[in-house]
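> Quick one: the structure is below, and I'll ask about it shortly.
The values are calculated or read from the model by the stated rules, or taken from the named source; none is laboratory data. Please read all numbers here as calculations on a predicted model, not as lab measurements. Note: ideal-geometry Cβ built from the backbone for every residue, glycine included; neighbour counts use all protein chains shown. Heavy atoms of the whole protein, side chains included, go into the accessibility calculation; ligands, DNA and RNA do not. Shrake-Rupley method; radii C 1.70, N 1.55, O 1.52, S 1.80 Å.
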Amino acid sequence: MEPGGKIVHKGIFLLPNALTTGAMFAGFYSIISGINGHFTAAAVAVVIAGVLDGLDGRVARLTNTQSEFGVQYDSLSDLISFGLAPALLAFNWSLSSMREISPLAGKLGWLAAFLFVACAALRLARFNTQASVADKSFFQGLASPAAAGTLVATIWFCIDQGVSGETVRWILWLETVVLGLLMFSRVRYFSGKSWPRGDKVPGGFIFLVVLVFVLLAVDPPGVMMTVGIIYVSSGLVMTVLGRKAWKNRRALRKSKKQPPATADDPEK
């Protein structure tokens, strides 16, 4: 039993772990596709891994089949699908061409890919150690599926628009580094795990789902890249506003604790 009174089953449950295996398979397929030069297929495979990863946790919660094995297995799958796969895709498609500029630029290319993988691993390790006490409504640091999705959606969008990896290598290098650092940062992101709180959702939410499906049918990489950029930016805005509100509350508490001025006060 967890500290919060939640029962975590021991053993291996088929359905959620099968979905996790499917996500890991998609991530591995992305790596193989990227190595063979099939970059669009590699990007789509990471997106599919993200869908399966989102399903396995929800299925485990709905069917009450959560287990410690599933938690650890999911983290290992995430490292492959959302750490290694997108980093290698970015390197094979664009960052490897940086060696044509200079030996130093070439090193910066593969080091950016390594930084992305390392930050994904660090984030997953921190998430596992803080899972029992963390606020379920927010993520501390950008979730690895969101970081991976944003990165591969950018690559997919560029390929779809006929933009070569050499043209945007410095932009992609910067994006890879920023997304990697955000994963292990303290920037807060809305998780969505605690929503919806009941069995029903507002009617507008269904319309929003329909709208997203329509837009995805029109331009999948463009929509996913836009959604990813908005989500990444939302965490930065939320953190800045939250820090500003915290400073205001702190200043207010200090002003209340300050003793009132007296007639003997030398400043009077």
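This table checks each residue for (1) open to solvent by 70 Å² or more (accessible area, probe 1.4 Å); (2) at pLDDT 70 or above.
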site	(1), (2)
V218	yes, yes
V223	no, yes
I229	yes, yes
L236	yes, yes
L241	yes, yes
A245	no, no
A251	no, no
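> What number of residues within the stretch 50-78 satisfy the criterion of being open to solvent by 50 Å² or more (accessible area, probe 1.4 Å), farther than 25 Å from T150 by Cβ, in a helix (DSSP H, G or I) and touching a residue at least 40 places away in the same chain (Cβ under 8 Å)?
Residues of the stretch 50-78 open to solvent by 50 Å² or more (accessible area, probe 1.4 Å): 51, 55, 58, 61-64, 68-69, 71-72, 76.
Adding the requirement that they be farther than 25 Å from T150 by Cβ leaves 61-64, 68-69, 72.
From what is left, the residues that are in a helix (DSSP H, G or I) are 61-62, 68-69, 72.
Going one step further and asking which of them are touching a residue at least 40 places away in the same chain (Cβ under 8 Å), we end up with 68-69, 72.
Residues that pass the stated criteria total 3.
> Now for a separate question. Cβ contacts < 6 Å: first residue free of Cβ contacts under 8 Å to residues at least 40 places away in the same chain, restricted to the stretch 19-32; second residue in a helix (DSSP H, G or I) and open to solvent by less than 60 Å² (accessible area, probe 1.4 Å), any location; separation 6+ or different chain. Result?
G22/L52; Y29/A45
> May I pose another question? Could you give every pair whose Cβ atoms fall below 9 Å, whose first residue belongs to the stretch 80-105 and is farther than 21 Å from P145 by Cα, and whose second residue is surrounded by fewer than 18 Cβ atoms within 10 Å (Cβ to Cβ) and among the small types (G, A, S), counting only separations of at least 6 or pairs across chains?
Short answer, once both residue conditions are applied: S96/G106; S97/G106; S97/S164; M98/A105; M98/G106; R99/A105; R99/G106; E100/G106.
> Regarding the stretch 111-122, can at least one residue be identified that is over 25 Å from A41 (Cα atoms) and within 17 Å of the chain's Cα centre (by Cα)?
Restricting attention to the stretch 111-122, the residues satisfying the condition of being over 25 Å from A41 (Cα atoms) are 122.
Applying the additional criterion that residues be within 17 Å of the chain's Cα centre (by Cα) yields 122.
Among the residues of the stretch 111-122, at least one is over 25 Å from A41 (Cα atoms) and within 17 Å of the chain's Cα centre (by Cα), which makes the answer yes.
> Any idea which residue in the stretch 118-153 is nearest to V178 (Cα to Cα), counting only those that are surrounded by 14 or more Cβ atoms within 10 Å (Cβ to Cβ) and at pLDDT below 80?
Filtering the stretch 118-153 for residues that are surrounded by 14 or more Cβ atoms within 10 Å (Cβ to Cβ) and at pLDDT below 80, the one nearest to V178 (Cα to Cα) comes out as F138.
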